[in-house]
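Comments concern the structure below.
Throughout, read-outs are computed from the coordinates displayed, never taken from laboratory work. In this text the structure is predicted, and so the values were computed from the model without any measurement. FYI the Cβ positions are ideal-geometry reconstructions off the backbone, even for glycines, and counts take in every protein chain you see.
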Amino acid sequence: MGKLSLQAMIEAAIFAAFALVLDLLPSIKVTSAISLSFAMLPIFVVAFRWGFKASVASGFIWSLLQIVTGDANDILNPLQGIMEYPVAFSFIGFAGLFRPLVERSCRHYKKGTMTFWICLSVLTGSFARYFWHFVAGVIFWGSYAPKGQSAFLYSLIMNGGTMIGNAILCAAVAAILLNAAPQLLTKYRNPHRHAA
């Protein structure tokens, strides 16, 4: 893996800002503690365009934007804040590991295969993110569990329900979007640019 290009870094930052904007929109409330949103979608687009490193960077930038804009209003202490924001959001980038498979199936016009890899990629990135929310839930939020329910089960229900719902929503939107506009997977290269 080489260094990230300037174009990849710029796109990672722009898509992180777009994720923040989507996150500020009203989400679909399933319960008082579980809400669904497709705010991770821009980070997945970076993963499909640029791969692992750029999508990790984009997730990390999104977490920092959440913190500096005050959208991260549930930080109990520094360790929990780091775990649930920079670490968890960076782990969305694991979706980028599937970039070569998504790109290859797109290049060979295999829409069914591409949809499969998109969905698996989104599921992987979502699971990687919510794993850290689950761990933080057990360690830091377990005291909020209903009487008689373990912190493990409480965190699994809350974070697992959110992860499954968000993964399904993001996978569906990503699959529809990228099948309708596969050019989103293509990186623009300036043909007039000369090597320095």
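A few notes on this one:
- Under a Gaussian network description of the chain, with springs only between Cα atoms under 10 Å, the residue in GLY93, GLY165, GLY59 that fluctuates furthest is GLY165.
- For segment 1-106, trypsin sites (Lys or Arg not before Pro) meeting the loop criterion (DSSP other than H, G, I, E, B) and having at most 12 other Cβ atoms within 10 Å: LYS3.
- Of all the options TYR85, TYR130, TYR144, the one that moves most in a Gaussian network model of the chain with Cα springs shorter than 10 angstrom is TYR144.
- Secondary-structure-derived ellipticity at 222 nm for the chain, considering helices only, amounts to -20500 deg cm²/dmol, per-run term -39500 (n - 2.57) for DSSP H runs with n ≥ 4.
- Rough spin-label spacing in nm, given labels placed 7 Å along Cα→Cβ, for LEU25 and THR186: 2.6
- Estimated FRET transfer efficiency (ASN179, SER35; beta-carbon r; R0 41 Å; 0.05): 0.95
- Mean projection of the Cα convex hull over all viewing directions, computed for the chain: 12.5 nm².
- Mean silhouette area of segment 96-194, derived from the convex hull of its C-alpha atoms and averaged over all directions, reads 8.8 nm².
- SER35 long-range amide H proximity, modeled H, under 5 Å: VAL30
- The distance between label points at PHE152 and PHE116 comes to 3.5 nm (points 7 Å beyond Cα on the Cα→Cβ vector).
- Under a Gaussian network description of the chain, with springs only between Cα atoms under 10 Å, the residue in LEU24, LEU97, LEU36 that fluctuates furthest is LEU24.
- ALA17 paired with ASN77, simple spin-label distance in nm, labels 7 Å along Cα-to-beta-carbon: 3.6
- Set of lysines near LYS111 by C-alpha distance (under 28 Å), chain-local residues within fewer than 8 positions excluded: LYS53, LYS187
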